[in-house]
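Shown next, in structure tokens, is the structure this report addresses.
Readers should treat all values here as calculations from the given coordinates under stated rules, not as data from a laboratory. Quantities reported herein were computed from a predicted structural model and do not represent experimental measurements. Virtual Cβ from ideal backbone geometry, glycine too; neighbours counted across all protein chains shown.
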């Protein structure tokens with residue numbers, strides 16, 4: 001087939017995919033599989049080779065990412081149900097002091113966001129923001145906006161989150177290098193987002209009646225909150241009624257809705273309480289797999305082949321080994337030592353799988369779509385068109401991801417679909433490992449941007465923060481988009497260093 005026909009088939013395939021997901025409400029996994037099969041047949045893949053092509057695309061991606069995502073989810077679930085998230089945030093707030101509590105919660109969001117999925121992290125930490133806002137008599141958004149932004153930054157950019165792991169698998173990028181470049185980059189994006197959020201909070205946004213009553217008590221009005229900000233000395237003259245989390249993170253009886261959202265099932269109620277895990281333990285368990293993966297990457301770069309230390313670090317630094325060790329340590333230190341039985345630990349680990357199973361399948365279906373584009377030579381035609389634009393690969397990767405993120409909402413779907421489309425271009429360019437890592441991070445910047453009304457994460461943040469749809473777009477959508485733009489600028493600044 002001519003390149004023009006192949007491009008038309010590709011455009012029709014993407015349009016059909018978006019139509020199935022957005023208008024007909026197909027599940028993304030089903031839509032990706034259906035479109036992949038139709039595109040393959042229309043573009044000339046012989047029927048006898050169709051199943052082989054699909055299985056090859058699915059297997060090549062899942063073989064790389066399924067274990068990593070599953071183990072990462074297990075680590076996050078144990079930290080979640082052991083009370084580690086609350087311990088982490090409470091200690092940071094104590095260390096930073098009351099004046100820097102928004103920064104402390106931002107740091108907590110960043111650290112917790114590494115092992116815990118975005119939506120779960122928001123639900124876990126939002127009660128802490130509620131308690132601090134009540135105790136300090138300040139607007140909830142002052143704490144919630146930068147905290148939630150930090151978690152989404154990590155979710156979009158860094159492994160072991162599904163999107164970044166999936167595109168690393170599709171491109172053959174090294175996860176250690178993504179972390180090596182991504183950790184400082186995301187730290188900068190998070191801190192700048194914190195500063196921007198502080199600027200946004202110069203304006204006081206009205207809260208919905210239910211959330212305002214949940215946080216401050218039924219007698220507090222939006223006008224009272226404005227008055228507290230304008231007259232801080234009078235803010236503590238009275239104390240709103242209600243029972244919530246206090247500033248130190250102590251749990252009281254008024255957050256049943258948030259607790260129900262955070263609860264997995266009866267597991268939370270039947271697990272032995274045990275002493276709260278320490279900040280040092282939680283931070284160490286979060287950092288351990290990252291450190292091992294980075295050491296493995298550095299060992300391959302600086303130690304000679306056959307070196308015993310290199311061999312050990314390469315094994316320990318393999319992402320699946322590093323996360324497996326971390327999951328076992330979490331099970332023992334946060335579970336067994338705190339009174340959980342082996343069955344409890346097994347049940348908690350098992351409960352982490354259902355929420356991520358469909359995400360893993362979506363990532364695999366993205367691999368199928370990419371394989372079909374390669375097998376039909378559509379990918380080559382698309383790559384030629386993209387090259388003809390003259391735009392740098394970082395810009396192309398970012399813009400394509402932003403477009404899909406804005407149109408269909410899911411960061412993971414945007415990442416895996418973009419990876420499938422541009423993978424032939426990546427393969428033809430023969431980028432070095434550091435360049436591949438930066439391309440992945442440029443796509444992460446695109447996945448961070450434009451979180452709006454078709455994104456489930458947008459609704460979780462907006463509803464729990466008590467914002468109107470319009471104010472959510474002014475604050476959350478604007479902040480995530482600015483973060484994405486800053487992210488791709490930082491990636492572009494790093495590109496000359498690895499070229």
Order by protection proxy (mean Cβ within 10 Å, highest first), peptides 68-81, 173-186: 68-81, 173-186
Segment 71-150, relative contact order in percent, only Cα pairs under 8 angstrom and at least six apart counted: 37
Order by protection proxy (mean Cβ within 10 Å, highest first), peptides 281-289, 432-440: 432-440, 281-289
Computed log₁₀ I(q)/I(0) - Debye formula, equal Cα scatterers, no solvent, segment 191-231, q 0.15, 0.26, 0.30, 0.35 Å⁻¹: -0.44, -0.88, -0.97, -1.10
Kirkwood hydrodynamic radius of the chain, Cα pairs, Å: 23.5
Sequence-separation-based contact order of the chain, relative, with Cα cut under 8 Å and 6+ spacing, percent: 24
Kirkwood-type radius of segment 1-153, with distances r between different C-alpha atoms, in Å: 19.0
On Cα atoms only, tilt of 353-375 relative to the major axis of the chain in degrees: 30
Three-way shape label, segment 143-235, alpha-carbon gyration tensor, a/c 1.5: prolate
Reduced Cα scattering model of segment 366-499, Debye log10 I(q)/I(0), q = 0.14, 0.16 Å⁻¹: -0.65, -0.81
Fewest-first ranking of 415, 88, 479, 294, using other Cβ atoms within 10 Å as the exposure measure: 294, 479, 88, 415
Binned Cα-Cα distance frequencies in segment 112-184 - 10 Å width, integer %: 20, 40, 24, 12, 4
Rounded to 10°, Cα long-axis angle of helix 175-200 versus longest principal axis of the chain: 40
Prolate/oblate/rounded label for segment 39-87 (Cα gyration tensor, a/c 1.5): prolate
Footprinting exposure proxy for 469, 39 (fewest neighbouring C-beta atoms within 10 Å first): 469, 39
Nearest-ten-degree value, helix 393-408 long axis tilted from longest Cα axis of the chain: 60
Packing rank of 387-397, 111-121, where each peptide gets the mean count of other beta carbons within 10 Å, highest leading: 111-121, 387-397
Distribution of pairwise C-alpha distances over segment 334-427, 10 Å bins, in %: 15, 33, 22, 13, 12, 5, 0
Segment 393-499, relative contact order in percent, only Cα pairs under 8 angstrom and at least six apart counted: 35
Within the chain, helix-based [θ] at 222 nm, where runs of 4 or more DSSP H residues each add -39,500 (n - 2.57), nearest 500: -24500 deg cm²/dmol
